[in-house]
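J.: Sharing a structure, written as structure tokens. Questions coming.
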Amino acid sequence: MSVTASAPRFLLPPDSEIWTSLEVYREHGGYAAAETAIRSIAPAAIADEVKASGLRGRGGAGFATAMKWSFLPKDGSRPRYIACNADESEPGTFKDRQIMERNPHRLLEGLLIAGFASAIDAAYIYVRGEYRTAYDALRRAIADAHAAGLLGKNIFGSGFDFEIHVHRGAGAYICGEETGLMESLEGRKGQPRKRPPFPAISGLWKRPTIINNVETMSHVPGIIANGAAAFRAVGTEKSSGTTIFGISGNVQRPGAYELPLGTPLREIIFEHAGGLLPGRTIKAVIPGGVSMPVLTAEQAMAVTMDHDALQAVGSLLGTGAIIVLDDQQCLVRAAAVIAKFYRVESCGQCTQCREGTGWLHKLLLKVESGAGSGADLEAIEDVARFMEGHTICGLSDAAAWASGWFLRRFRGEFEAHLEGRGCPHDATSFEI
Amino acid sequence: MPLSHELENRIRAEFPKYPEKRAVLLTALHFVQEEQGGWVAPDCILAIAGLLEIDPIDVKEVVSFYHMFHDHAVGQSHLQVCTNLSCSMRGARGLVRGLEEILGVRPGEMTPGGEFSVEEVQCLGSCGSAPVVQVNNEPFLENVALADLKSLVAGLQTRRRAAVGE
């Protein structure tokens, strides 16, 4: 039975609708939660409600949102900032874009409530430069909200002042890493900072800063409007609420689907995304963006899409971005495409990452071409080991996991390419 | 005057949003690229550095770090084909080849008159509507088929001729 038959939606309007206009958003109850929160709920009680909801970050790491907020200093010093991470760049991921393009006020309302709860002066939405449509929608939404008195000075007559600015990135995956984002927002190369200090203590311009993903913040109005219990009623014990799963690759209906966390991966592939092309079977599934360990077909058919279940099969939920590869595709090619991504996107700061990502890409291309040997597979494993756990940020680990897990879980397919044999799927697989 | 007064004023109008002028750097570079032919010329780097009160090298290293900024001329229509996994699985390689054939250039090159350039880019964040092409910084072209490329190129040529009043 489908667990999602009557699943509520918290983030996206119905399929054919776009709620970019302030009027339309308000007709659907928009900004009522912010008004209630700012007029009549104590800031600490808002944070308590978010804590009770069990909301975990939707940007990939799954950290408890209210706990992140609680790390802000209690000394009352100002200014303090929110950095909202809209640098959605993890390959396979296109969910935050759905919110920004189709329901931008939802994000603004979430930021407004979070800003009030944590005594924040301003929020900066760092949106990846390529997202032109999202940028334009957000700019319009901010201008409209400002004109309506929902942003600016003395919001709802409460004495609370709050600004939201949208800030464009310029094409760099690493700016989705929280401290890389802050460097970039300050006008520098997006090279991650060493921690400590953590952003809650010293973030943007060395001031206390909370950083949350677009979807995370967009859940806040629903939690305040309907209560933590209603949020928790959806999803699983430790992965509450809905999320927007993006599914792409070899399925009939790729797209973005808002569903409860804990939805079976099989259901997402075969019901929501319409299943595979006729006559095909699943070979591999990436469950949470390319940085998350790839699953075998057997694992994919049994797992549910929540933090605990994916960890139990040696992967992670990541951004909930699902890429399906069917039996006609070459997984060495897939690994090589992914390895190239990290090679291009490494910021170059740490040697292990700068050098290792290049080596992984070169070795995978060699294996794919048929020129590789068993020693090259060992070299991939060695390089991956050397890259893991030794760098300032997680990009190096992600690159190592991606290649390492493809090799570990599909070694036979890699071996079939070796010693002049070349790609056994050359006639059917996608090209690189 | 590498930057017009109007462009300088647009950049200055961003200052109040931030505690430091330097934070406007990426925005300023976007404005300059959009208004001055899709790339950042050396004299613009000096002018931006002056406006933001930072060293020219601070601007130059940012231009070279971000994929969207160009320190060399690109085509008036800069065609960016996503070649990451989901787009590759839906024919991105064929799109790159198709553009090479139609335009006679390889990725990284520009047509002789400067009208078009082609670039392979990493994930654009539109995997559910792959394959995806982006022209300059415009909204994405989604679910692009090989058969669409000729009319895409022709449409961009028509638009350009209209813009220059030919």
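J.: Across peptide B:73-86, how many C-beta atoms of other chains are within 10 Å of each residue C-beta, on average?
T.: Working: counts 0, 0, 0, 0, 0, 0, 0, 2, 0, 2, 4, 10, 18, 17.
The mean count of partner-chain Cβ atoms within 10 Å per residue comes to 4.
J.: Show A:M100, B:M110, B:M89 ordered by accessible area, largest first, where the area counts protein heavy atoms only and the probe is 1.4 Å. Write out the running numbers ahead of the final one.
T.: Numbers: A:M100 0, B:M110 75, B:M89 25 Å².
So, going from the largest accessible area down, we get B:M110, B:M89, A:M100.
J.: How far apart, in nanometres, would the label points at A:K206 and A:A52 be if each is projected 7 angstrom from Cα along the Cα-to-Cβ direction?
T.: 4.0
J.: At 1.4 Å probe size, with no ligands or nucleic acids counted, give the accessible surface of B:K60 in Å², nearest ten.
T.: 110
J.: If I model a spin label as a point 7 Å beyond the Cα along the Cα-Cβ vector, how far apart are those points for B:E6 and B:E20 in nm?
T.: 3.2
J.: Sticking with this one: Taking the Cα centroid of the range B:77-136 and of the range A:62-92, what is the distance between the two, rounded to the nearest whole Å?
T.: 35
J.: Beyond 23 Å, what share of the Cα-Cα pairs of the range A:120-213 remains, rounded to the nearest whole percent?
T.: Values: 1414 of 4371 pairs.
Taking all Cα-Cα pairs of the range A:120-213, the fraction more than 23 Å apart is 32 percent.
J.: Related question: Per residue of the range B:29-40, what does 6.51 cos²θ - 1.76 cosθ + 1.60 with θ = phi - 60° give for ³J(HN,Hα)? Whole Hz please, x for Gly and Pro, Karplus curve as stated.
T.: Rounded to whole hertz, the list is 5, 4, 4, 4, 4, 5, 9, 10, x, x, 8, 10.
J.: Once R0 is set to 30 Å, what does the formula 1/(1 + (r/R0)^6) return for the Cβ-Cβ distance between A:T133 and A:F386, expressed as a FRET efficiency to the nearest 0.05? Walk me through the intermediate numbers first.
T.: Values: r = 41 Å, r/R0 = 1.36.
With a Förster radius of 30 Å, E is 0.15.
J.: Provide Rg over Rh for the range A:1-107; use the alpha carbon set for both Rg and the Kirkwood Rh (inverse mean inverse pair distance). Don't skip to the answer; put the middle values down first.
T.: Numbers: Rg = 16.3 Å, Rh = 16.5 Å.
A ratio of 0.99.
J.: If we count every other residue with Cβ under 11 angstrom of A:L364's Cβ, Lys/Arg +1 and Asp/Glu -1, where does the sum land? Before the final figure, lay out the partial values.
T.: Details: positive: A:R333, A:K340, A:R343, A:K362, A:K366; negative: A:E368, A:D376.
My count for the surroundings of A:L364 gives +3.
J.: Considering only C-alpha atoms, what is the centroid distance from the range B:14-73 to the range A:117-177, in Å?
T.: 22
J.: Counting only the heavy atoms of the protein chains, how much of A:R409 is accessible to a 1.4 Å probe, in Å² to the nearest 10?
T.: My reading of the accessible area for A:R409 is about 50 Å².
J.: Right, here's the next one. In bins 5 Å wide, starting from 0, what share of all Cα pairs of chain B does each bin hold, as a percent?
T.: Histogram of Cα-Cα distances, whole percents per bin: 1, 8, 17, 18, 16, 14, 12, 9, 5, 1.
J.: Next question, about the same structure. Identify which of B:A154, B:A41, B:A92 has the largest mean-square fluctuation in a Gaussian network model of chain B, with springs joining Cα atoms closer than 10 Å.
T.: B:A154
J.: Please list the three semi-axes, largest first and in whole Å, of the ellipsoid equivalent to the range B:5-65, using sqrt of 5 times the eigenvalues of its alpha carbon gyration tensor. Walk me through the intermediate numbers first.
T.: On the way: eigenvalues 52, 39, 19 Å².
Equivalent ellipsoid of the range B:5-65: 16, 14, 10 Å, largest first.
J.: Follow-up. Can you give the translational diffusion coefficient of the range A:22-232 in µm²/s, computed by Stokes-Einstein from the Kirkwood radius over Cα pairs at 25 °C and 0.890 mPa s?
T.: On the way: Rh = 16.9 Å.
Result for D is 145 µm²/s.
J.: Quick one: what are the phi-derived ³J(HN,Hα) couplings along the range B:82-98, Karplus 6.51/-1.76/1.60 with θ = phi - 60°, whole Hz, x for glycine and proline?
T.: Once rounded to whole Hz, the list reads 6, 10, 6, 4, 5, 6, 4, 5, 10, x, 4, 4, x, 5, 4, 4, x.
J.: What 222 nm value per residue comes from the helices of chain A, counting each DSSP H run with n ≥ 4 as -39,500 (n - 2.57) and dividing by all residues, nearest 500 deg cm²/dmol? Can you show the working numbers first?
T.: Working: 17 runs with 176 residues, N = 432.
Helix contribution divided over all residues of chain A: -12000 deg cm²/dmol.
J.: How crowded by other chains is A:161-167, given as the mean number of beta carbons from other chains within 10 Å of each beta carbon?
T.: 2
J.: With all protein chains present and a 1.4 Å probe, how do B:L146, B:L99 order by accessible area, largest first? Let's see the in-between values first.
T.: Numbers: B:L146 110, B:L99 0 Å².
Ranked list, largest accessible area first: B:L146, B:L99.
J.: Within a Cβ distance under 14 Å of A:G227, other residues only, what is the Lys/Arg minus Asp/Glu net charge?
T.: Values: positive: A:K51, A:R232; negative: A:D48, A:E49.
Local charge sum for A:G227: 0.
J.: Over the protein assembly as shown, with a single point scatterer placed on each C-alpha, what log10 of the ratio I(q)/I(0) does the Debye formula yield at q = 0.10 1/Å?
T.: -0.88
J.: For A:F198 and B:D55, what is the calculated FRET efficiency with R₀ set at 41 Å and r taken between the beta-carbons, to the nearest 0.05? It would help to have the intermediate numbers written out before the result.
T.: Details: r = 29 Å, r/R0 = 0.72.
That gives a FRET efficiency of 0.90.
J.: Given the pairs A:K189/B:K60; A:K95/A:K340; A:K206/B:K60; A:K340/A:K366; A:K194/B:K21, which are separated by over 18 angstrom at their Cα positions? Present the calculation step by step, with values, prior to reporting the outcome.
T.: Working: A:K189/B:K60 10 Å; A:K95/A:K340 23 Å; A:K206/B:K60 24 Å; A:K340/A:K366 13 Å; A:K194/B:K21 24 Å.
From A:K189/B:K60; A:K95/A:K340; A:K206/B:K60; A:K340/A:K366; A:K194/B:K21, over 18 Å: A:K95/A:K340; A:K206/B:K60; A:K194/B:K21.
J.: If you count, for every residue in A:264-272, the Cβ atoms of partner chains within 10 Å of its Cβ, what is the mean?
T.: 0
J.: Around A:R56, which amide H atoms from residues at least 5 apart in sequence, or from another chain, sit under 5 Å from its own amide H, with H modelled in the peptide plane?
T.: Hits under the 5 Å cutoff: A:T65, A:S240.
J.: Once all Cα-Cα distances of the range A:242-326 are split into 5 Å bins that start at 0, what whole-number percent is in each one?
T.: Reading upward from the zero bin: 3, 17, 32, 29, 15, 4, 0.
J.: Can you send over the solvent-accessible area of A:F231, 1.4 Å probe, protein chains only, in Å² to the nearest 10?
T.: Surface accessible to solvent at A:F231 totals approximately 10 Å².
J.: What list of ³J(HN,Hα) couplings, whole Hz, do you get for the range A:340-352 from phi and the Karplus terms 6.51, -1.76, 1.60, once you set θ to phi - 60° and write x for glycine and proline?
T.: 4, 4, 5, 4, 5, 9, 4, 7, x, 6, 9, 4, 3
J.: Let me ask something else about it. Convert 4 °C to kelvin, take the viscosity as 1.567 mPa s, use the Kirkwood radius over C-alpha pairs of the range A:189-233 as Rh, and evaluate the Stokes-Einstein diffusion coefficient in µm²/s, rounded to a whole number. Intermediate values should be presented prior to the final figure.
T.: Values: Rh = 12.8 Å.
After rounding, the answer is 101 µm²/s.
J.: To the nearest 500 deg cm²/dmol, what mean residue ellipticity at 222 nm is calculated for chain B from DSSP H runs of n ≥ 4 alone, each contributing -39,500 (n - 2.57), summed and divided by the residues?
T.: Numbers: 7 runs with 71 residues, N = 166.
Rounded to the nearest 500, it is -12500 deg cm²/dmol.
J.: Suppose we look only past 14 Å in the calculated P(r) of the range A:354-420. What percent of the Cα-Cα pairs does that tail hold? Show your work: numbers first, answer last.
T.: Details: 1168 of 2211 pairs.
Roughly 53 percent, once rounded to a whole number.
J.: Where does each of A:F410, A:F270 land when they are ordered by accessible area, with a 1.4 Å probe and the largest first?
T.: Details: A:F410 25, A:F270 90 Å².
From most exposed to least exposed: A:F270, A:F410.
J.: Can you give me the angle between helix A:43-53 and the longest principal axis of chain A, using Cα atoms only, in degrees from 0 to 90, rounded to the nearest 10?
T.: On a 0 to 90 degree scale, this one is about 40.
J.: Taking the Cα centre of the protein assembly as shown as origin, work out the dipole magnitude from +1 charges on Lys and Arg Cβ and -1 charges on Asp and Glu Cβ, in debye rounded to 20.
T.: 780
The values are calculated or read from the model by the stated rules, or taken from the named source; none is laboratory data. Quick caveat, the model's predicted, so the values are computed rather than measured. Glycine also receives a Cβ, built like all others from the backbone with ideal geometry; neighbour counts cover every protein chain displayed. Remember, those area values only see protein heavy atoms, side chains included, never the ligands or the DNA or RNA. Shrake-Rupley method; radii C 1.70, N 1.55, O 1.52, S 1.80 Å.
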